[in-house]
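Colleague: I have a structure here, written as structure tokens, and I will follow up with some questions on it.
Rule-based calculations on the coordinates, nothing more; no lab input. All values derive from a computational prediction rather than experimental measurement. In this analysis, Cβ positions are derived from the backbone assuming ideal geometry, glycine residues included, and neighbour counts consider all displayed protein chains.
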Amino acid sequence: MLKNELRGWARSGTKADMRISPEDPSWTAPRGDTDWLDHDVLLATTWLATLADQRTWGKRVTATRSYFFASKERWIKGEKIPLYDQRDTAAWYIFQANAYASDRMNWVPEEAVRIVPTFTRIGQELATLIGIPGAEERAARLMNAERAQPDGGLFELLVALSYRRSGWDTEFVPERPGISRTHDINVRQRNEEWAVECKRMNRSNFEVSERERGRALALPVHAIASSVNRSIIMQVAFNSELESLPHNYLVGRASAYLLDSAVNSWVDASSIGSIREVDWSLFRRVLDDDYVYYGSSRMVELLVGRYDHDSAYSMAAEWRAAEACPFWASAVSQASVVGWRNCSVEAIRKKARHFRSTIASAADQLPKDRPGVIHVGVESWGGGDVDDKRHLLNLRQLDDFNPGDTPLLWVYGEYIAPEVTTRSDESWAIEETSVPYRVGTHRTPEPLPGHMLLTPESNIKHGVHWDATTQRPRKREI
């Protein structure tokens, strides 16, 4: 098991004030001077845009921009609606990557952290990628026929690049729609030949529904705080599944606190929680010199004092937009924040969904005339507890997995944890762990040891990103 991390530079396009500790949340970035460009990302977006159907691409870009601005105006008012038309996610990815890489006027941090690392890797190695037979055809398909769900195609491009970096002759397998199911990639090296299948898993349905339920429980808290012009912070550790709680579960706690500030904590069968007033000193000190993206992890950090990356947050505020940056706050007069974690064993188990069925489906696409390997990309937002449980369940699931007459020998779990960073010198961050799972009792070496998809293979550590006790620097191989 190998892990690494990758961090993007400069939230505002300029260096932040580095005279303070990186952990100190009181840092600021100068307003303006955002002439920095991310050329790797722009190279990737330009290439992918040229592969889109040029008869409709201009209309798709215009529609994506218009949808975003209309949605953003409602989002600023507290309506958490989609920011893009999910039927054209590919155009949204290009729009967000370009916004991040150029003026940063319209980039959304929680979206960019998912998109930019992939585009960075593609841009850095574009010459290599174009040289892989079938790569441009695969990229064109994700930009057109698969525009609603481009993640699978992008994941395949990253896997192909990883094999190419390791010295394998790599080629994409042409699709045969209506004739037969095919695997994704062929790789050859000396006398070896492997068939590679790629599966990309996004957030589980349970994880998405739990986040939505958490936001629904928080909405009445924001409403009551706003109605009495109080700025409060509520932090909750749930012990139950959120769907089992009544709609007024949290607002009842907030009402009691607003009537009597001594009622500032609780413990019951469903949760442990606390409430306090916002201390404005840090927030206003930063806004004297900087703007803050509304609703971002950075704004939560300044209101709460710290940002817990394993927690989910909901916030609302009365604020004034900066003239030059309409989605960035120049002043805030009232705010409320609700942060929560779910420590329920059952909730963690459901978020750590099994991928046995995914492996079984992928194995059916592998040919029977050569060894096979499956790469499963797992995007995780659930925190270390969920990632640890997911890994253990996956190990257990593959202990007795029978691939039938398909020579599946290895499965790679590609675990990617995006982080909406609040550090002064970063705009995004990810942690990545690659775990090889042996299928059966064979002794065939894994085909791609020591690889990473998004992060450089230098300074790789043994272990997993969700458990620091497993990590140690990788020995240099000579």
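Colleague: Taking neighbour Cβ counts within 10 Å as the exposure measure, how do Lys350, Lys368 sort from fewest upward? Before the final figure, lay out the partial values.
Modeller: On the way: Lys350 19, Lys368 10.
With the sparsest Cβ surroundings first, the list reads Lys368, Lys350.
Colleague: Among DSSP bridges having both ends in the stretch 206-347, what percentage is antiparallel? Round to the nearest 5. Working shown, then result.
Modeller: Numbers: 22 of 29 bridges.
Here the share of antiparallel DSSP bridges comes out near 75 percent.
Colleague: Would you please give the FRET efficiency between Trp280 and Asn144, computed as 1/(1 + (r/R0)^6) with r the Cβ-Cβ distance and R0 = 60 Å, to the nearest 0.05? Please list the in-between numbers first.
Modeller: On the way: r = 50 Å, r/R0 = 0.83.
The formula returns an efficiency of 0.75 here.
Colleague: Using a Förster distance of 25 Å, how high is the FRET efficiency between Met105 and Lys80, based on the Cβ-Cβ distance and rounded to 0.05?
Modeller: Working: r = 21 Å, r/R0 = 0.85.
Once rounded, the FRET efficiency stands at 0.75.
Colleague: Just name one of Leu217, Ile232, Met201: the one whose Cα is farthest towards the positive end of the charge dipole of the stretch 191-259 (beta-carbon charges, Lys/Arg +1, Asp/Glu -1).
Modeller: Ile232
Colleague: A further question follows. Most exposed first by the Cβ proxy, i.e. fewest other Cβ within 10 Å, how do Glu318, Glu125 rank?
Modeller: Values: Glu318 12, Glu125 19.
If I rank by nearby Cβ atoms, fewest first, I get Glu318, Glu125.
Colleague: Could you name the aspartates and glutamates whose alpha carbon sits less than 19 Å from that of Lys59, not counting residues in the same chain fewer than 8 places away?
Modeller: Partners within reach: Asp85, Asp88, Glu146.
Colleague: Would you please put 48-61, 208-221 in order of how densely packed they are, using the mean number of other Cβ atoms within 10 angstrom per residue and starting with the highest? Let's see the in-between values first.
Modeller: Values: 48-61: 14.9, 208-221: 18.5.
Ranking the peptides 48-61, 208-221 by packing returns 208-221, 48-61.
Colleague: Cross-link candidates for Lys368: which aspartates and glutamates have Cα within less than 17 Å, leaving aside residues fewer than 8 places away along the same chain?
Modeller: Asp184, Glu192, Glu193, Glu197, Asp405
Colleague: Which value does Rg/Rh take for the stretch 206-347 over its C-alpha atoms, Rh per Kirkwood?
Modeller: Working: Rg = 15.3 Å, Rh = 15.6 Å.
My calculation of the ratio gives 0.98.
Colleague: What is the magnitude of the charge dipole of the stretch 37-149 about its Cα centre, with +1 placed on the Cβ of each Lys and Arg, -1 on the Cβ of each Asp and Glu, and no other charges, expressed in debye to the nearest 20?
Modeller: Numbers: 15 positive and 14 negative charges, 79 e Å.
Dipole about the Cα centre, nearest 20: 380 debye.
Colleague: Would you mind getting me the FRET efficiency between Asp288 and Glu318? Use the beta-carbon distance for r and R0 = 30 Å, nearest 0.05. It would help to have the intermediate numbers written out before the result.
Modeller: Details: r = 19 Å, r/R0 = 0.62.
For Asp288 and Glu318, the calculated efficiency is 0.95.
Colleague: Hand me the GluC sites (Glu not before Pro) from the stretch 229-286 located in a DSSP loop with no more than 14 other Cβ atoms within 10 Å, in residue order please. Numbers along the way, then the final one.
Modeller: On the way: sites: Glu241, Glu243, Glu277; in loops: Glu241.
Here no loop site has a sparse enough neighbourhood.
Colleague: Can you sort Val376, Val263 from fewest to most other Cβ atoms within 10 Å of each residue's own Cβ? Numbers along the way, then the final one.
Modeller: On the way: Val376 22, Val263 13.
Ordered by Cβ neighbours within 10 Å, fewest first: Val263, Val376.
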